[in-house]
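Report on the following structure.
The values are calculated or read from the model by the stated rules, or taken from the named source; none is laboratory data. The structure presented is a predicted model; accordingly, all values stated were derived computationally and were not measured. Note: ideal-geometry Cβ built from the backbone for every residue, glycine included; neighbour counts use all protein chains shown.
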């Protein structure tokens, strides 16, 4: 580790210490005294050691610090027997593409509840998602084909993998078919990993009442609504929200997000439009999207229950 990174870490720890001091007993003297040990335990979980594993490589320090302030406030509210007014809670949060960005951002914000089969796949439609849910992934990557030319042109970090398409469902995989295995062997290994994930996803949807889907799609709001209609036919007990993070590269970086909302009895859409350009990494990090803009939206979301 360079001296510069060490100094940055020490500076961040110092700032975190100052934030933690604000949440001492003096500030919460109106709350019962036995709250203090609970606050201390919560603070321990949100030290730099936790953040550097999850967010240090992707989030700027100012976002980490702002987020920490909110987390501490939420923890105090939970420990006091209340609930956070900052976050909307869901029983399940599920990324639905069209590629890796939603899963990455949910993971970055501690909202990725489990590994699901579509998390790291690419180029699939909402019709495909609805079909797979209805059929419980019966034909998922059953008929596969490799695009050898695209395999040759994969990014350097993916050179060990094949570019493989689910022919029937029109889904692309660039992470799960290693070149060291034949295409048939890779398909068998793929199913060993993905079919338990598929069962997990179906079980979650069968058991959950409030479900949030997260995507960054170009389809219009009508198409997003049609998708929720189809999902509700499959799981009529559910109440479904869809957050779509729509990219418009013509918008200025600091321009406020345009928000369109649609609400029905069981279907709710929030369609955010903004410049979704990654502001931290280089060209190779384009797929991650704008950390700041996603943070503006996802910081108000939580899985049901207080922070663990």
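What about residue 64, is it farther than 16 Å from residue 304 by Cα, in contact with a helix residue (DSSP H, G or I) (Cβ under 6 Å, 6 or more places away or on another chain) and at pLDDT below 65? Break it down stepwise before answering.
Numbers: farther than 16 Å from residue 304 by Cα: yes; in contact with a helix residue (DSSP H, G or I) (Cβ under 6 Å, 6 or more places away or on another chain): yes; at pLDDT below 65: yes.
Yes: the conditions hold for residue 64.
In the set 192, 180, 107, 168, only one residue is in a helix (DSSP H, G or I) and at pLDDT 95 or above; that residue is 192. Of the residues screened, residue 217 is one that is at negative phi, in a loop (DSSP other than H, G, I, E, B), surrounded by 12 or more Cβ atoms within 10 Å (Cβ to Cβ) and at pLDDT 95 or above. Does any residue of the stretch 79-100 turn out to be modelled with pLDDT under 95, assigned to a helix (DSSP H, G or I) and farther than 29 Å from residue 192 by Cβ? Yes, the stretch 79-100 contains a residue that is modelled with pLDDT under 95, assigned to a helix (DSSP H, G or I) and farther than 29 Å from residue 192 by Cβ.
Yes or no, residue by residue, for (1) within 18 Å of residue 103 (Cα to Cα); (2) surrounded by fewer than 21 Cβ atoms within 10 Å (Cβ to Cβ); (3) within 21 Å of the chain's Cα centre (by Cα):
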{"site": "192", "(1), (2), (3)": "no, yes, no"}
{"site": "207", "(1), (2), (3)": "no, yes, yes"}
{"site": "223", "(1), (2), (3)": "no, yes, no"}
{"site": "227", "(1), (2), (3)": "no, no, yes"}
